[in-house]
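The values are calculated or read from the model by the stated rules, or taken from the named source; none is laboratory data. Keep in mind that what you see is a predicted model, and the values were worked out from it rather than measured. All Cβ positions, glycine included, derive from the backbone under ideal geometry; neighbour counts span all protein chains shown. These accessible areas exclude ligands, DNA and RNA; they are computed on the full protein's heavy atoms, side chains included. Shrake-Rupley method; radii C 1.70, N 1.55, O 1.52, S 1.80 Å.
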Amino acid sequence: MLDKIDITDIYEQNINFLIGSGASYGLFPTLALSVKSETGENETIETLATKLEGDRKLNTLLFAYYYNEIIKPIHDFSIDLLSDLPEGDSQKLVVKNYEAFLTTIFRILENRKEFSKRCNIFTTNYDGCFQLVFDDMLNRNGADISLNDGTSGFVTKKLDARNFNNYLCRSGVFGKNATDVSQINLVYLHGSAYWEKKEDFIAVDYARKQTSIELGASIKSRLDVFSSLLSDGTKKFKDIKSFDVSKIDDNEVDAFWAEYDKLPIVNPTKWKFHETVFEEHYYQMLRLLSYRLEEQNSVLITFGFSFADEHILNMVKRSLSNPRLQVYVCCYDHKEAEAMQQHFKGYKNVQLITVKQSGESKDQGGEPKKDCLDFTTFNEIVFSLPKENVAL
């Protein structure tokens with residue numbers, strides 16, 4: 001195992017990132033829950049969604065919780081909402097970490113040869129942290145870089161996989177000189193809170209406010225108690241199975257799912273979209289990830305990603321047959337590192353990244369830090385460049 005990625009070894013290669021919910025933790029919750037399985041492991045939205053798939057009312061409560069606690073906060077988020085928070089606030093720290101990550105990428109791309117100043121960020125998050133932070137950085141500082149989200153158009157921004165093959169080239173007034181503009185391709189694998197189905201295509205609108213799903217009275221009446229159950233580390237799955245849902249109205253359940261199924265996100269049950277147009281784009285983006293990993297001298301760096309999506313896990317495994325591919329998997333803690341060792345056992349071109357904190361390190365509450373690789377540690381230790389402007 002390693003504790004740092006040597007950027008000087010990889011900056012000239014085809015760099016790809018796979019970013020999961022761990023990057024936005026502190027701003028938005030992850031899918032992890034406190035309630036335990038019968039064997040004592042923490043349940044997640046994914047595991048419970050699978051176990052409760054045949055129980056319509058319990059499954060409705062679970063996804064109503066998922067919508068209220070995870071999806072709706074993403075819909076409603078704006079960086080402007082953080083302006084009145086004190087420095088050091090956990091939400092501001094998340095935004096700061098996104099900015100630090102993007103800044104490191106900017107510096108790497110600046111040192112690349114002309115017409116190779118591009119990299120790809122694949123993310124399974126629904127939030128708009130990359131776009132919102134990037135836009136905020138442009139407004140404050142300006143940057144000679146492009147963030148390509150795969151859209152084209154003005155009034156209606158249409159998402160199309162072909163747009164990820166586009167790049168910007170800046171020429172002189174008389175066209176005698178050309179310069180490649182550094183570019184990050186941002187690819188959403190599980191959908192986005194800013195997507196919307198329009199006819200037979202996906203429209204993207206970062207100013208759009210998602211219409212809230214109104215929960216029926218009988219669902220609301222049981223949701224608070226059910227939410228407390230999911231957050232109770234002393235409870236187990238059997239307590240969920242025995243939860244009283246007898247008074248939940250069937251018509252309200254049908255109404256909830258009619259609205260929920262319109263959301264432009266992957267459903268955590270078997271990682272499927274409900275809409276065909278979203279499903280088709282999902283598989284196009286998986287093929288794009290596969291193609292990028294099959295290129296010569298490719299690098300994949302994963303952070304905050306558990307490989308719970310079996311499509312992505314199996315696709316990355318298949319790509320590892322490329323001997324010129326190097327994968328770095330950042331593990332939050334040693335328990336996750338053990339799980340990743342099982343996933344990638346026998347693959348010589350996979351390096352697991354773990355970090356040992358010093359005993360003097362403190363978390364935001366002033367307590368000694370656990371041995372964990374959070375986004376701050378990733379930016380400061382694992383994936384970092386010297387602060388001074390040293391050429392790579």
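For the subset of segment 199-217 comprising residues that are at pLDDT below 90 and open to solvent by less than 90 Å² (accessible area, probe 1.4 Å), which member is nearest to ASN148 (Cα to Cα)? Going through the qualifying residues, I end up with TYR206.
Every listed requirement among (1) touching a Lys or Arg at 6+ places or on another chain (Cβ under 6 Å); (2) of a type in the set (Ser, Thr, Tyr); (3) open to solvent by less than 30 Å² (accessible area, probe 1.4 Å) is met by THR179 save one, (3). Each residue in segment 270-296 was checked for being in a loop (DSSP other than H, G, I, E, B) and open to solvent by 60 Å² or more (accessible area, probe 1.4 Å), and 3 pass. Here segment 302-319 is the region considered, the condition is being in a loop (DSSP other than H, G, I, E, B) and within 15 Å of GLN342 (Cβ to Cβ), and the residue that is most open to solvent (accessible area, probe 1.4 Å) is SER306. If you check GLY88 against the conditions, is it more than 28 Å from ILE213 (Cα to Cα) and open to solvent by 40 Å² or more (accessible area, probe 1.4 Å)? Yes, satisfied. Take the residues of segment 221-234 that are touching a Ser or Thr at 6+ places or on another chain (Cβ under 8 Å) and either outside any helix (DSSP H, G or I) or more than 30 Å from GLY40 (Cα to Cα) (or both): which is most open to solvent (accessible area, probe 1.4 Å)? For segment 221-234, the residue satisfying everything is SER231. Taken together, SER83, SER78, SER152 contain a single residue that is more than 29 Å from VAL382 (Cβ to Cβ) and under 18 Å from the mean Cα position of the chain (by Cα), which is SER78. Only one of the numbered conditions (1) at pLDDT 95 or above; (2) open to solvent by 20 Å² or more (accessible area, probe 1.4 Å); (3) under 25 Å from ILE10 (Cβ atoms); (4) not small (Gly, Ala, Ser) is violated by ILE121, and that is (2). If the condition is being in a strand (DSSP E or B), in contact (Cβ under 8 Å) with a residue 24 or more places away in the chain and either more than 30 Å from SER290 (Cα to Cα) or not polar (S, T, N, Q) (or both), then segment 15-32 contributes ILE15, PHE17, LEU18, ILE19, TYR25, PHE28. Flag: GLY22 does not match the condition of being surrounded by fewer than 20 Cβ atoms within 10 Å (Cβ to Cβ) and either closer than 23 Å to SER231 by Cα or of a type in the set (Phe, Trp, Tyr) (or both).
Listed by position, the helices (runs of 4 or more DSSP H) inside segment 33-104 whose residues that are of a type in the set (Ser, Thr, Tyr) number at least 1 are 45-51, 56-66.
When restricted to residues that are open to solvent by less than 30 Å² (accessible area, probe 1.4 Å) and of a type in the set (Gly, Ala, Ser), segment 27-49 contains 2.
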